[in-house]
Amino acid sequence: MKVEMKTTQTACPEGHTVVHYEKGQRVDLPESLARIFVKEGWARRIPERQTKNKGAAPENKSGKSRTRQRRKSHGT
C-alpha cells in the first residue's frame, strides 16, 4: 500500500531490516505495516490512480507528413 508519512518513524517492514521513514516521504509499504502506520496517524494512504480504458488511440490515416507540408509552404 502506498502511503505518505505524516511523522518520521523507524520500522522493520520485512522483519529483519530496520528502515527509517521521513516525514513527507511517499513509500510503498507491506499492507500490514501500512495499516498500522495509517491507524496510528503516522501516515496517510495514497489512493491508487484509477484510469479509464479508452481503447486504442486513433490512427493517423492522412498519408502526408507535416514536415513535407511545411517545407513546401516555405518555398523549398
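What follows is calculated from the coordinates using simple rules that are stated; it is not laboratory data. Only a predicted model underlies this, so the values are computations on that prediction, with no experimental measurement involved. All Cβ positions, glycine included, derive from the backbone under ideal geometry; neighbour counts span all protein chains shown.
Filter segment 14-25 down to the residues that are within 21 Å of the chain's Cα centre (by Cα) and on the phi < 0 side of the Ramachandran plot, then identify the one that is surrounded by the most Cβ atoms within 10 Å (Cβ to Cβ). Please lay out each step first, then the result.
The initial filter retains those residues of segment 14-25 that are within 21 Å of the chain's Cα centre (by Cα), namely 21-25.
Add one more test, that the residue is on the phi < 0 side of the Ramachandran plot, and what stays is 21-23, 25.
Working: TYR21: 21, GLU22: 10, LYS23: 12, GLN25: 13.
Looking at residues that are within 21 Å of the chain's Cα centre (by Cα) and on the phi < 0 side of the Ramachandran plot, I get TYR21.
Go through segment 1-49 and report how many residues are among the small types (Gly, Ala, Ser) and touching a residue at least 40 places away in the same chain (Cβ under 8 Å). Let's see the steps before the verdict.
Of the residues in segment 1-49, the ones among the small types (Gly, Ala, Ser) are 11, 15, 24, 32, 34, 41, 43.
Still in the running and touching a residue at least 40 places away in the same chain (Cβ under 8 Å): 43.
Qualifying residue count, segment 1-49: 1.
In segment 35-45, which residue that is of a type in the set (A, V, I, L, M, F, W, C) and closer than 15 Å to THR10 by Cβ is surrounded by the fewest Cβ atoms within 10 Å (Cβ to Cβ)? Break it down stepwise before answering.
Step one: list which residues in segment 35-45 are of a type in the set (A, V, I, L, M, F, W, C), which gives 36-38, 42-43.
Still in the running and closer than 15 Å to THR10 by Cβ: 36-37, 42-43.
Numbers: ILE36: 14, PHE37: 23, TRP42: 17, ALA43: 27.
So, considering only residues that are of a type in the set (A, V, I, L, M, F, W, C) and closer than 15 Å to THR10 by Cβ, the one surrounded by the fewest Cβ atoms within 10 Å (Cβ to Cβ) is ILE36.
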